[in-house]
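Enquirer: For reference, the structure I am asking about is given below.
The values are calculated or read from the model by the stated rules, or taken from the named source; none is laboratory data. Keep in mind the model is a prediction, meaning the values are calculated, not measured. We place every Cβ from the backbone using ideal geometry, glycine too, and count neighbours over all the protein chains shown.
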Amino acid sequence: MSVIYSLKNVVKSRLVDGAGFRLRIPSVEIRAQESIALVGHSGCGKSTLLDMLALALHPDAADEFSLTVGDNEVHQIDALWHKKKQNVLAKIRKQHIGYVLQQGGLLPYLTVRENIDLPRMLMNLPEDDSTRSIARVMGIHRQLDKLPGLLSAGERQRVAFTRALSHRPAILLADEPTASLDPITARKIMAVVMELVKGLKITMITASHDWAHVYKMDLRSLHQQAEVLENGNVYQSTFRD
Ligand SMILES: Nc1ncnc2c1ncn2[C@@H]1O[C@H](COP(=O)(O)OP(=O)(O)OP(=O)(O)O)[C@@H](O)[C@H]1O
Ligand SMILES: [Mg+2]
């Protein structure tokens, strides 16, 4: 399978007066249709890395940060950030990436149906019956006319996944999408998502602090290693294959 993300010597710091957090990715390649887990404890930089993969946060430095989507079009993401091409980055993101946040991020004043249809609407895509079939597979097809506030936490996360997939992105990013759910519901939802992602040939990258869960799902994981450097001032976190 072709390489989708290629990252070499990517660095992102969150330093105040020389102290704080630094994220490093020496060399990582993510191939089309892989399912990957970013595993590590709280504060190790999982959300920071996902935000960079979502083109929502720029790296401080990168020898390479490329994303290949569509008709084998290679986008040099670090160069686009450098040239302040935010509109190009937003367009790539909107078209090719679906992002599920820890708390779902649904708009409370829109119904479930309107939430799910929003990404397609923003891209001027026509209505699509297959979005309804995703909603059915996710088990939320009876909730379409409700507001998100009337759903259970698990139902809300299933809506968030359905919304993230509705515009058929090549890439699904998920940031601890089931962290607020009980373990049995969490596993059930992730099993359905994994099936969907395989069927739709989507590349999935999910953050999790639940090692056991990740190993059970048989995901390729990026390992995280922590070091304290510079007289204890910098907490450095490195993600590798
Ligand atoms: N906007 C920000 N400004 C400054 N520091 C930040 C910012 N966002 C995150 N950090 C710091 O960066 C580090 C990594 O945070 P991040 O949210 O990526 O961790 P995480 O692995 O997702 O943690 P969790 O499992 O708790 O969600 C933390 O030390 C955090 O305090
Ligand atoms: Mg996080």
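Enquirer: For segment 48-71: of the residues being away from ligand 1 (no atom under 13 Å from the Cβ) and crowded, with 22+ Cβ neighbours inside 10 Å, which is farthest from Ala174 (Cα to Cα)?
Expert: Within segment 48-71, the match that is farthest from Ala174 (Cα to Cα) is Ala62.
Enquirer: Would you pick out the residues in segment 1-17 that are surrounded by fewer than 21 Cβ atoms within 10 Å (Cβ to Cβ), of a type in the set (A, V, I, L, M, F, W, C) and under 19 Å from Ile171 (Cβ atoms)?
Expert: Of everything in segment 1-17, those that are surrounded by fewer than 21 Cβ atoms within 10 Å (Cβ to Cβ), of a type in the set (A, V, I, L, M, F, W, C) and under 19 Å from Ile171 (Cβ atoms) turn out to be Met1, Val3.
Enquirer: On the basis of being within 20 Å of Ser42 (Cβ to Cβ) and within 16 Å of ligand 2 (Cβ to nearest atom), does Asp210 make the cut?
Expert: yes
Enquirer: For Leu172, are the conditions met, namely being of a type in the set (A, V, I, L, M, F, W, C) and assigned to a loop (DSSP other than H, G, I, E, B)?
Expert: Judged against the criteria, Leu172 is not a match.
Enquirer: Also, I was wondering about something else. Might you let me know whether segment 210-220 holds any residue that is touching a Phe, Trp or Tyr at 6+ places or on another chain (Cβ under 9 Å), free of Cβ contacts under 8 Å to residues at least 40 places away in the same chain, hydrophobic (A, V, I, L, M, F, W, C) and surrounded by fewer than 20 Cβ atoms within 10 Å (Cβ to Cβ)?
Expert: No, segment 210-220 contains no residue that is touching a Phe, Trp or Tyr at 6+ places or on another chain (Cβ under 9 Å), free of Cβ contacts under 8 Å to residues at least 40 places away in the same chain, hydrophobic (A, V, I, L, M, F, W, C) and surrounded by fewer than 20 Cβ atoms within 10 Å (Cβ to Cβ).
Enquirer: A further question follows. Would segment 8-25 turn up any residue that is within 16 Å of ligand 2 (Cβ to nearest atom), within 16 Å of Ala207 (Cβ to Cβ), in a loop (DSSP other than H, G, I, E, B) and not aromatic (Phe, Trp, Tyr)?
Expert: Within segment 8-25, not a single residue is within 16 Å of ligand 2 (Cβ to nearest atom), within 16 Å of Ala207 (Cβ to Cβ), in a loop (DSSP other than H, G, I, E, B) and not aromatic (Phe, Trp, Tyr).
Enquirer: Quick check: anything in segment 165-176 polar (S, T, N, Q), in contact (Cβ under 8 Å) with a residue 24 or more places away in the chain and within 16 Å of ligand 1 (Cβ to nearest atom)?
Expert: Checking segment 165-176: not a single residue is polar (S, T, N, Q), in contact (Cβ under 8 Å) with a residue 24 or more places away in the chain and within 16 Å of ligand 1 (Cβ to nearest atom).
Enquirer: So, one more: Filter segment 101-131 for residues that are of a type in the set (Asp, Glu) and either surrounded by fewer than 17 Cβ atoms within 10 Å (Cβ to Cβ) or out of contact with any Lys or Arg (no Cβ under 9 Å at 6 or more places or on another chain) (or both) and give the result.
Expert: Of everything in segment 101-131, those that are of a type in the set (Asp, Glu) and either surrounded by fewer than 17 Cβ atoms within 10 Å (Cβ to Cβ) or out of contact with any Lys or Arg (no Cβ under 9 Å at 6 or more places or on another chain) (or both) turn out to be Glu114, Glu127, Asp128, Asp129.
Enquirer: Another question, then. Consider Gly98 carefully, then state whether it is crowded, with 22+ Cβ neighbours inside 10 Å and small (Gly, Ala, Ser).
Expert: So Gly98 fits the description; yes.
Enquirer: Given the criteria within 16 Å of Ser35 (Cα to Cα), away from ligand 1 (no atom under 16 Å from the Cβ) and surrounded by fewer than 18 Cβ atoms within 10 Å (Cβ to Cβ), does Val192 qualify?
Expert: yes
Enquirer: Which one of Thr206, Thr178, Thr162 is crowded, with 23+ Cβ neighbours inside 10 Å, β-branched (Val, Ile, Thr) and in a loop (DSSP other than H, G, I, E, B)?
Expert: Thr178
Enquirer: May I pose another question? Every residue in segment 26-52 that is under 27 Å from Leu196 (Cα atoms) and more than 16 Å from ligand 2 (Cβ to nearest atom), please.
Expert: Selection gives Val28, Glu29, Ile30, Arg31, Ala32, Gln33, Glu34, Ser35.
Enquirer: Still on this structure: Just checking, how many residues over segment 131-148 are in a helix (DSSP H, G or I) and touching a residue at least 24 places away in the same chain (Cβ under 8 Å)?
Expert: Step one: list which residues in segment 131-148 are in a helix (DSSP H, G or I), which gives 131-137, 148.
Then drop every residue that is not touching a residue at least 24 places away in the same chain (Cβ under 8 Å), which leaves 131, 134-135, 137, 148.
Qualifying residue count for the region: 5.
Enquirer: Just checking, which of Gly20, Gly45 is loosely packed, with under 15 Cβ neighbours inside 10 Å and either over 30 Å from Gln143 (Cβ atoms) or in contact (Cβ under 8 Å) with a residue 40 or more places away in the chain (or both)?
Expert: Selected residue: Gly20, the only one of Gly20, Gly45 that is loosely packed, with under 15 Cβ neighbours inside 10 Å and either over 30 Å from Gln143 (Cβ atoms) or in contact (Cβ under 8 Å) with a residue 40 or more places away in the chain (or both).
Enquirer: While we're looking at this one, here's another question. Somewhere in segment 210-231, is a residue modelled with pLDDT of 90 or more and part of a helix (DSSP H, G or I)?
Expert: no
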